[in-house]
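Scroll down for the structure; my scribbles are underneath it.
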Amino acid sequence: MTNPGFNTRAIHAGQTPDPTTGAVIPPLYQTTTFAQDGIGKLRNGYEYGRGTNPTRDSLQTQLAALEGGEHAFSFSSGLAAEDALIRALLKPGDHIVMGNDVYGGTYRLIDRVLAPWGISNAAVDMSSVETVRTAVTAGNTRMVWVETPSNPMMKITDIAAIAAIAREAGAILVVDNTFATPYLQQPLALGADVVVHSTTKYIGGHSDASGGAVVLNDSGMAEKVGFIQFAVGAVSAPMEAWLTTRGLKTLGVRMDRHSSNALAIAKWLTGRSEVERVYYPGLTDHPGHQLAAQQMKNFGGMISVSFKGGEKAARKVAESTTVFTLAESLGGIESLMNYPSEMTHASVKGTELAVPENLIRLSVGIEDVEDLISDLEQAFSSL
Ligand SMILES: *Cc1c(COP(=O)(O)O)cnc(C)c1O
């Protein structure tokens, strides 16, 4: 078929029925090694599990098809994917410019693991194109790292504008597309060189499999990333890859529901007297609303909200819900509640990336939205 749509690709890319039995769902190849028909005579190139595994290949084909990239690599976690990418493409002496509200673990990896190995960084406000232009010093900056919408402040970055700045400076533009997912946003089409994911979140979508991914077009970069994936070995395990593939097939329908539930909740929150500010790009008064409407298909399932009653009120609400579960992570079918300053973003406390203490972050699931709103109503009544 020529030009199949997103959901058709999600369900069929890399998912050819098993040639031996006709099993409609490609089997889980829970194996570490493969029989050879004579020394070096491999069957379809399969040799050893760290190098290649058919279940991982199937996920990689599916991921590439959905992000519109030529090559995809699957890893054991989002951070393993990021580490492999940076070590594959940069060397000591290189400089990274990243958003000043990137995922806390990304900041920790770049600033505390990679900096001692000679890769310097600057964290800047990515939603300001002029600030990024100033920070990217041509020749020295080799990589620009964008997360949009950002976590947890939900800032929107203009991917096409930053891509132009990066290209001019000879730097690689990486977009962490975890929050938006390829269903809502296509960074490669907007000019990014590389997309990274924590597939642990929306792509897997069921909070039961950790993983990460790198997707890109350039074959020279792909060869380097593939070499690190093999030589370092932080690959996704067959079971995790299989579960991620299963989850990914329903990404489109899930994101539609996450987005409509989140918009209804964001509107409800906006009308509450306890609330200081609602951070959701789907609200027309969000500073990045116009841009998000241009570069995204919809606004996704993540909302942050700050309280007039300060840290005390935020903590109280976070600990009072019954349908929203107090837990780290995001992007699953179930709604989660997070207090970033002590949970997901504890690693950046006291740094320039610190998150306000009166803020909670909601990962809005796909339950019935009336139940989610009454749960919040009930939690607010404790204030
Ligand atoms: C969770 C997350 C990561 C890290 O992924 P892991 O799978 O936890 O290693 C990176 N970026 C964003 C935006 C995330 O939410």
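A few points about this structure:
- Each of Ala171, Ala122, Ser150 was placed along the dipole of segment 122-173 (beta-carbon charges, centred on the mean Cα), and the one lying farthest toward the positive end is Ala171.
- Radius 11 Å from Cβ of Thr200, net charge of other residues (Lys, Arg +1; Asp, Glu -1): -2
- Total charge dipole magnitude, the chain, about the Cα centre, Cβ charges on Lys, Arg, Asp, Glu only, Debye to nearest 20: 400 debye
- Measuring nothing but how far apart in sequence close Cα pairs (under 8 Å, 6+ apart) lie, relative to its length, segment 147-239 scores a relative contact order of 20 percent.
- Each DSSP beta bridge with both residues in the chain is either parallel or antiparallel, and the antiparallel ones are about 55%.
- The chain, helix-only ellipticity at 222 nm - DSSP H runs n ≥ 4, -39,500 (n - 2.57), divided by all residues, nearest 500: -10500 deg cm²/dmol
- Restraint check, Lys201/Lys249; Lys91/Lys224; Lys91/Lys201; Lys249/Lys297; Lys155/Lys297, Cα-Cα greater than 20 Å: Lys91/Lys201
- Each Lys and Arg adds +1 at its Cβ and each Asp and Glu adds -1 at its Cβ; summed about the Cα centre, segment 251-380 shows a dipole of about 320 debye.
- FRET efficiency, 1/(1 + (r/R0)^6) with R0 41 Å, evaluated for Glu370 and Trp117 via beta carbons: 0.20
- Tensor-based shape of the chain (alpha-carbon gyration tensor, a/c under 1.5 rounded, otherwise prolate or oblate): oblate
- Summarised in one figure, the compactness ratio Rg/Rh of segment 169-219, Cα atoms and Kirkwood Rh, is 1.02.
- Value of relative contact order over segment 204-274, rounded to a whole percent, pairs C-alpha under 8 Å and six or more apart: 46 percent
- Environment charge at Gln62 (Cβ cut-off 9 Å; Lys +1, Arg +1, Asp -1, Glu -1): +2
- Cα-projected label distance for Met239 with Ala346, points at 7 Å along beta-carbon direction, nm: 2.6 nm
- Charge dipole of the chain about the Cα centre (unit charges at C-beta), most positive-ward option of His71, Leu383, Leu243: His71
- Sparse-neighbour loop sites [GluC sites (Glu not before Pro); segment 51-102; at most 15 other C-beta within 10 Å; DSSP]: Glu70
- Only Cα pairs under 8 Å and 6+ residues apart enter the sum, and on that basis the relative contact order of the chain stands at 17 percent.
- Positive end of the dipole of segment 251-380 (Cβ unit charges, origin at the Cα centre): among Ala292, Gly332, Thr270, the Cα lying farthest that way belongs to Ala292.
Read-outs: derived from the displayed coordinates by stated rules, not from any lab. Everything quoted here is computed from the prediction, not taken from an experiment. Note that each Cβ is placed from the backbone with ideal geometry, even for glycine, and that neighbours are counted across all protein chains shown.
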